Each structure stands twice: as C-alpha cells, then as structure tokens.
Amino acid sequence: MEYRCVQCGFGIKKLYVQYSPGNIRLMKCENCKAVADEYVECELMILLIDLILHKTKAYRHLIHNALNQETGECKGLLWKSALGFLALDAYRCLLLEMARERWDSSMSFSSVTWTYVKILVDVFLGNLFLFCLLLLMMRISFTIPVGFSRHKDFILAILVSSYFKLFLLAMMIWEFPLSVVFIIDLFVLSSNAMALKVITESTMEKCIGACFTAHAAKFFVSHLLKWCFA
Ligand SMILES: [Zn+2]
C-alpha cells in the first residue's frame, strides 16, 4: 500500500484512475468508503489553508501522499528542504543576534565573522539535538507504522512540516517586533506535532510533549552555547 486515505489513514494502492489527460476518477477508501484523497483535485492554496488550520487530513495528504518517496517524484527533496530549513534557522538566529547586539557600520570585520561562526555552530548543534531527540523518542515511545521505518521519511516530514519558518522571510521586508520570531517557533512546534501525530497515529498530547521536549533541548543547547561563547 503506497498511499493513505486522508480521512482514516487506511492504506490504499491508488489515489485515482486516469482515463485521459485531465479526466480522472478519485478512488474510494475500502475502510471508510469516503473519497481517499480529495486534495488530488484541489488547488495548492486550499491545501495550504488547511495545513495552516492544522487539519489532520491535509497533513495526511502532505506526508503520506504528496511526499511519497516511492513514486520517485520527490527525489532530492530531502536535501533541498534540509538546506532551506537550515538557512531559515540561521536567519532566525541572525535576527535574534542583531536584536541582542546593535549592528552598525562601526562593527569590525572580525566581530561580524565571529558572530557568523557562532550562528553556524548554534544552528548545527541545535538542530542535531532536535532531530536526534525526535528520532530517539520516535523509536522509544511511538509505534512506527509499516513502510515508515526509515529515518529519511521521518526527517523529511519534520522538515516540511516546519514550513511556518518561511514566514521569517516576511521579516526581511517588513519590520516586526521580535516576539513574532517566538510566535513562529510555536507554530513550527505545533505543526511538527501534527506531522508526528499523522505518522504515528498517536494522541495529540503525546506528540506535543515529544516535540516540546525536542524543541526545549534545542533552546537549551542554544543558550548553553551563548553562555560558552560569552
Ligand atoms: Zn478511509
């Protein structure tokens, strides 16, 4: 079973049958008898709105059907999303650093370089802890579904579900209070918990607990590094 029904999570071989270009028939789920994945016919904007609204079926479509590695359509997506994720996280650290120390033209080249080195170490170690803890908790306290045992699928789901980080780009254009960075962090955490819930079919409380622990560890590592560098 390559795909999943977005309503109940039951496995399904095909989402639709194509008769001719543009003429398709959506398949029904054998378990709940509903259309297995109506997002196949939906505009991307509708999926995006449902993802922002944290609808379980939108996350099921994204993780099980749209990011299906078996189809080969998502080749290289892991590396591209990892690079995008790390770049956005580095930009987040830069925003916090710029707020902490006033940046102006009087800053020396060496102090700017040193700040960039600190940001790179922070991003690398912080995210290493985040993903290692999430993978560890996934192994220990969650039931891993059949066909989703590979670390690659799980990491990709967490990276893609961190799409709220893209809102940081708006801070390049418009000026926002620094609290917006932390609000985005909260949305990333809740979105990661939704992804974890859809993968493991666990309770939302357990998934929020796991994501909160991993994000708290990242926050702690980041503060420990600031203390070491000071
Ligand atoms: Zn179903």
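Only one of the numbered conditions (1) closer than 27 Å to Ala170 by Cβ; (2) more than 16 Å from the ligand (Cβ to nearest atom) is violated by Glu41, and that is (1).
From the list Ile140, Ile155, the lone residue that is touching a helix residue (DSSP H, G or I) at 6+ places or on another chain (Cβ under 7 Å) and within 30 Å of Arg4 (Cα to Cα) is Ile155.
Only one of Arg25, Arg102, Arg92 is of a type in the set (Lys, Arg), away from the ligand (no atom under 16 Å from the Cβ) and part of a helix (DSSP H, G or I). Can you tell me which?
Details: Arg25 fails: part of a helix (DSSP H, G or I); Arg102 fails: part of a helix (DSSP H, G or I).
It is Arg92.
Taking segment 152-178 on its own, how many of its residues are over 19 Å from Leu135 (Cα atoms), open to solvent by 20 Å² or more (accessible area, probe 1.4 Å) and of a type in the set (A, V, I, L, M)? Summing the residues that are over 19 Å from Leu135 (Cα atoms), open to solvent by 20 Å² or more (accessible area, probe 1.4 Å) and of a type in the set (A, V, I, L, M) in segment 152-178 gives 7. Residues in segment 11-22 that are within 14 Å of the ligand (Cβ to nearest atom) and either touching a residue at least 24 places away in the same chain (Cβ under 8 Å) or surrounded by 14 or more Cβ atoms within 10 Å (Cβ to Cβ) (or both): Gly11, Ile12, Leu15.
Could you pull out the residue among Leu95, Leu53 that is within 21 Å of the chain's Cα centre (by Cα), surrounded by fewer than 18 Cβ atoms within 10 Å (Cβ to Cβ) and free of Cβ contacts under 8 Å to residues at least 60 places away in the same chain? Steps first, please.
Working: Leu95 fails: free of Cβ contacts under 8 Å to residues at least 60 places away in the same chain.
Among Leu95, Leu53, only Leu53 is within 21 Å of the chain's Cα centre (by Cα), surrounded by fewer than 18 Cβ atoms within 10 Å (Cβ to Cβ) and free of Cβ contacts under 8 Å to residues at least 60 places away in the same chain.
Considering each residue of segment 76-102, count those that are under 19 Å from Pro177 (Cα atoms) and touching a helix residue (DSSP H, G or I) at 6+ places or on another chain (Cβ under 8 Å), and give that number. Within segment 76-102, residues that are under 19 Å from Pro177 (Cα atoms) and touching a helix residue (DSSP H, G or I) at 6+ places or on another chain (Cβ under 8 Å) number 11. With respect to the conditions (1) modelled with pLDDT of 95 or more; (2) assigned to a loop (DSSP other than H, G, I, E, B), Val188 lacks only one, and its number is (2).
The values are calculated or read from the model by the stated rules, or taken from the named source; none is laboratory data. Since the structure is predicted, the reported quantities are computational estimates derived from the model, not experimental observations. Cβ atoms come from the backbone with ideal geometry, glycine included; neighbour counts cover every protein chain shown. Accessible surface is based on the protein model in full, side chains and every heavy atom, while ligands, DNA and RNA are left aside. Shrake-Rupley method; radii C 1.70, N 1.55, O 1.52, S 1.80 Å.
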